[in-house]
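Working notes, structure below.
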Amino acid sequence: MSDIQTPRASHGAWLSPMQQQIFRDLLHVFSYPGRVAECTADSMTWLALLAALTDGEVTLADPHGLIAADIWPKLEARSGTPGKATFIVADGGRIMDFQPCTGSLESPETGATLLLRVAALGEDLDGGVPLNLTGPGIQGNTELFVSGLHPSWLIARAGLAAFPLGIDLLLCDERRFAALPRTTHIEIGEML
Amino acid sequence: MNIHYEFPLEEAGYAFGFLDEYAKKEVRRTILKAICIPGYQTPYASREMPMGRGFGTGGLQLTLSLIGTNDTLKVIDQGSDDSVNAVNMRQFVQLTCPGVEVTEKLEEATLIQSRHRIPEIALTETQVLVLQVPYPDPLVVVESSEARRKIMHAEADYSRLLVKLYEDIVHFNEITISHRYPTRINRHYVIDPSPIPRWDVPKLNQSPALILFGAGREKKIYAVPPYTVAEPLVFDDLPFRVEDFRDEHGQRRACTRCGATNSFLDEYSDDNNIKIYQCSDSAYCDGQLAQHQQREGKA
Ligand SMILES: [Zn+2]
């Protein structure tokens, strides 16, 4: 491996320096819900995030068939059902039609992480639906604008289970991503 | 820590950050879940490190999973950058993470690994603090079964812990816990904040920086996310208090080196057995001293 010698030679999502950078961006967006990070890898945002997170230890569900067959081996994840998988990648524009795992009292960390593909997101976005956010990581409140996210995801997220159980969302558009951990309280505002 | 450790070289050199990519990914996934569930002791598979557990392997695993070539690392042990532990840990990271900068100046650091102290100067959003934890579970003193403790934590059932705390208070007539003060995060999980003094506990509350805790022996990672409520467990008739550094005349003691009257002080005895007080945070002390010298130079 020549990763050490050429840490920034490539923007490939499969190389460890890029995965470290993406992880730090993930750390940032989960720490500060509603803030938007730029995906620096030269692949689709949700795929770059998955590449930074998965290996043979995790199960991954792809109910909407977003992952190409030749990508699966690279992610190393075992294929799982949406009801049981630790990671789920889905088209956020479609209605939510499965029940993800929300963890247990003994092991709330087994609540799933959902990567949802949306049309666009931003801290300021024309035509986006404003999500008013409060909770840990947010000073007072903040707004995240999203377009192309079916409301069923947010409604289900709030109704699935009470803290510490729950699911954690990563919203991904073409180039950007933001996190909505289970602790974030969301009020859906009126579209501008 | 064994600084003469030889790295396994069978695979054309060792990985950046010492840990293999699978170990890092596991720690990284665990960190993200720990942030999503503030204060929850998230389990992970701790890897063997070339130093005995108890020397901060949990903190080091976090640091090695976080760090990249854009980072500047500061390592502190009991407030000092110069203690043997801090120096060894810093050298280990320099050796295994080529391209990473190290510093003693807090404001230059993006990553801070610490044992027993939170720096005096407030952290910022561009920093992450990693604290080494020897004993992660505050409920051990009242419940020996981990399975039962997990349920108590999940239900935020801390009645027995509160009773135990109160008994100590009644017995000693004040809160005698000097370190590891049980602290409630986001009004749910109670954490052991690691052996920081009470002085540092308020710094956990609404911190602009993410604070991560690593317990290598117990294989647990937990987090206090930024801008999150962190409250020491208290009783109405006995409010939480930080250490009192006033002398017998009620005067706030000053650091004998830099003169600061707003820092956590360590107590020493000099050669004549007279007590002297000095900032525990050595970088803060250096900074205060440099400011005084600058002012005197100008005057
Ligand atoms: Zn001083």
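Figures for the structure shown
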{"quantity": "Lone qualifier among B:235, B:264, B:245 - being of a type in the set (Phe, Trp, Tyr) and farther than 21 Å from residue B:282 by Cα", "calculated": "B:235"}
{"quantity": "Matching residues in region B:66-84 - criterion: being touching a Gly at 6+ places or on another chain (Cβ under 7 Å) and either part of a strand (DSSP E or B) or closer than 21 Å to residue B:213 by Cα (or both)", "calculated": "B:67"}
{"quantity": "Every residue from region B:97-129 that is crowded, with 20+ Cβ neighbours inside 10 Å and polar (S, T, N, Q)", "calculated": "B:110, B:113, B:114, B:127"}
{"quantity": "Residue A:151 of a type outside the set (A, V, I, L, M), surrounded by fewer than 17 Cβ atoms within 10 Å (Cβ to Cβ) and under 20 Å from residue A:99 (Cβ atoms)", "calculated": "yes"}
{"quantity": "Inter-residue pairs, beta-carbon under 7 Å, first modelled with pLDDT of 95 or more and in region B:136-162, second among the polar types (S, T, N, Q), 6+ apart", "calculated": "B:136/B:41; B:137/B:41"}
{"quantity": "Matching residues in region A:44-85 - criterion: being in a helix (DSSP H, G or I), under 13 Å from the mean Cα position of the chain (by Cα) and free of Cβ contacts under 8 Å to residues at least 60 places away in the same chain", "calculated": "A:47, A:48, A:51, A:52"}
{"quantity": "Qualifying positions in region B:153-186 - on the phi > 0 side of the Ramachandran plot, surrounded by 14 or more Cβ atoms within 10 Å (Cβ to Cβ) and more than 10 Å from chain A (Cβ to nearest Cβ)", "calculated": "B:180"}
{"quantity": "Leading residue by the ranking (farthest from the other protein chains (Cβ to nearest Cβ)) among those in region A:158-190 that are part of a loop (DSSP other than H, G, I, E, B) and exposed (fewer than 14 other Cβ atoms within 10 Å of the Cβ)", "calculated": "A:190"}
{"quantity": "Total residues in region B:137-152, condition more than 14 Å from chain A (Cβ to nearest Cβ) and under 16 Å from residue B:185 (Cβ atoms)", "calculated": "1"}
{"quantity": "Residue within region A:149-157 that is within 14 Å of chain B (Cβ to nearest Cβ) and either basic (Lys, Arg) or under 14 Å from the mean Cα position of the chain (by Cα) (or both) present", "calculated": "yes"}
{"quantity": "One residue from B:210, B:233 being among the aliphatic types (A, V, I, L, M), in contact with a strand residue (DSSP E or B) (Cβ under 9 Å, 6 or more places away or on another chain) and at pLDDT below 95", "calculated": "B:233"}
{"quantity": "Count of residues meeting criterion [out of contact with any Gly (no Cβ under 6 Å at 6 or more places or on another chain) and farther than 17 Å from residue B:79 by Cα] in region B:190-201", "calculated": "2"}
{"quantity": "Matching strands (runs of 3 or more DSSP E) fully within region B:189-299 where at least 1 residues are away from the ligand (no atom under 16 Å from the Cβ) and within 14 Å of another protein chain (Cβ to nearest Cβ)", "calculated": "B:189-191, B:210-215, B:220-224, B:230-232"}
{"quantity": "Flag for residue B:118 being in the same structural domain as residue B:71 (by TED's automatic domain parsing) and either assigned to a loop (DSSP other than H, G, I, E, B) or among the aromatic types (Phe, Trp, Tyr) (or both)", "calculated": "yes"}
{"quantity": "Positions within region B:32-63 being in contact with a Ser or Thr (Cβ under 7 Å, 6 or more places away or on another chain), within 14 Å of chain A (Cβ to nearest Cβ) and aliphatic (A, V, I, L, M), in sequence order", "calculated": "B:34, B:35"}
{"quantity": "Test: residue A:103 is modelled with pLDDT under 95, out of contact with any Phe, Trp or Tyr (no Cβ under 6 Å at 6 or more places or on another chain) and not charged (D, E, K, R)", "calculated": "no"}
{"quantity": "Qualifying residue in region A:136-143 (condition: over 16 Å from the mean Cα position of the chain (by Cα), over 30 Å from residue B:184 (Cα atoms) and assigned to a loop (DSSP other than H, G, I, E, B))", "calculated": "no"}
{"quantity": "Condition met for residue A:134 (among the polar types (S, T, N, Q), modelled with pLDDT of 95 or more and within 27 Å of residue A:51 (Cβ to Cβ))", "calculated": "no"}
{"quantity": "Where residue B:99 falls short, out of the listed (1) out of contact with any Lys or Arg (no Cβ under 8 Å at 6 or more places or on another chain); (2) in a loop (DSSP other than H, G, I, E, B); (3) more than 28 Å from residue B:25 (Cβ to Cβ)", "calculated": "(3)"}
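Conditions tested, residue by residue: (1) modelled with pLDDT under 90; (2) over 15 Å from residue B:220 (Cα atoms); (3) not in a loop (DSSP other than H, G, I, E, B).
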residue	(1), (2), (3)
B:10	yes, yes, no
B:39	no, no, no
B:53	yes, no, no
B:88	no, yes, yes
B:95	no, yes, yes
B:112	no, yes, yes
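The values are calculated or read from the model by the stated rules, or taken from the named source; none is laboratory data. A quick note: this is a predicted structure, and the numbers were derived from the prediction, not measured. A quick note on method: Cβ atoms are made from the backbone with ideal geometry, for glycine too, and the neighbour counts reach across all protein chains shown.
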